[in-house]
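The structure under discussion appears below in the form of structure tokens.
The values are calculated or read from the model by the stated rules, or taken from the named source; none is laboratory data. Quick caveat: nothing in here was measured; it's all calculated off a predicted structure. Heads up, the Cβs are rebuilt from the backbone with ideal geometry, glycines too, and the neighbour counts pull from every protein chain shown. Accessible surface areas use protein heavy atoms only, side chains included; no ligands, DNA or RNA. Shrake-Rupley method; radii C 1.70, N 1.55, O 1.52, S 1.80 Å.
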Amino acid sequence: MIAGHHGLVAMLTDRIDAEVLDAAPTLRVVANYAAGYNNIDLAAARARGIVVTNTPGVLTDATADLTWALILGITRRVGEGERLVRAGRWTGWAPTQLLGMDLRGAMLGVVGMGRIGRAVASRANGFGMRVVFTARRPMPDVDPDWRAASLPDLLATADVVSLHVPLTDQTRHLLGPDQLAMMKPTAYVVNTSRGSVIDEVALADALEAGRIAGAALDVYEREPQVHPRLLSSERVLLLPHLGSATTETRERMGSMVVENLLAVLEGRRPPNAVDE
């Protein structure tokens, strides 16, 4: 389809590898309709002189808001409650029915302090949560009440672990069996980054064994497939990759894609070139 074209708009579901790029020798730019770009072989693009762009920043608030929807949903067992009512199995109020966890005073662990991670952490103040975080570099300008930590320290102390890292060779299965074993049995995992950051088999094992309390996921290792053991678990809240899914955000992302594409085709540096 792209043979003879100069620009390509790619979705995060499109794998743009050397084979695709070789099909269009005239290609000058791949404009990704996403903040992440793990779907694109950057080395292959660079070797062919093709510019790669993305849409950072514009989806920060939408994704941070959805992260909090998942945090609230899993800690207050919203999915379980809705299924109970819809199935006609609710028999009325009871003092111990579907008890969840108070957020005030609890510890939020933010893994990755990029734009979205910081936005998620900043919202914790409104819920009275304490914040511990990991970052690839020193973060001197964050809230002084937030505490930097190693990943093992964060996993051992957080009541909610929220993942906000890009998918790289270093972050693939960042949460595997060893890391999940470090968590409190009362803690929850929330993922709005990329599905492969979590080892889904290890997550299913931990949930079934009661080693963690629950998980809330917006992304999956093999989208749109979801691991069947996660589908069948009452301890998991599942969404269909809705992180940036607001009308306003998706429209702004589209405008950024067009701006990036036109800039390259007109011989200008695009506003959002991926320089890795």
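From the list Val219, Val201, Val189, the one residue that fits, being part of a helix (DSSP H, G or I) and either surrounded by fewer than 21 Cβ atoms within 10 Å (Cβ to Cβ) or of a type in the set (Val, Ile, Thr) (or both), is Val201.
Residues in region 55-82 that are in a loop (DSSP other than H, G, I, E, B) and crowded, with 18+ Cβ neighbours inside 10 Å: Thr55, Pro56, Val58, Leu59, Arg77. Being under 29 Å from Leu59 (Cα atoms) and either modelled with pLDDT under 95 or open to solvent by 10 Å² or more (accessible area, probe 1.4 Å) (or both) is a property that Ser232 lacks. Thr96 falls short on exactly one of the conditions (1) without any contact (Cβ under 8 Å) to a residue 12 or more places away in the chain; (2) of a type in the set (S, T, N, Q); (3) within 19 Å of Asp65 (Cα to Cα), and that condition is (3). Selection of region 1-54 for residues being in contact with a Ser or Thr (Cβ under 9 Å, 6 or more places away or on another chain) and either closer than 18 Å to Thr168 by Cα or not in a loop (DSSP other than H, G, I, E, B) (or both) yields Val29, Val30, Ala31, Asn32, Ala34, Ala35, Gly36, Tyr37, Asn38, Asn39.
The set of residues in region 109-140 being in contact (Cβ under 8 Å) with a residue 40 or more places away in the chain, part of a helix (DSSP H, G or I) and crowded, with 22+ Cβ neighbours inside 10 Å consists of Ile116, Gly117, Val120. Against the list (1) in a helix (DSSP H, G or I); (2) farther than 25 Å from Val131 by Cα; (3) open to solvent by 10 Å² or more (accessible area, probe 1.4 Å); (4) not hydrophobic (A, V, I, L, M, F, W, C), the condition Asn260 fails is (3).
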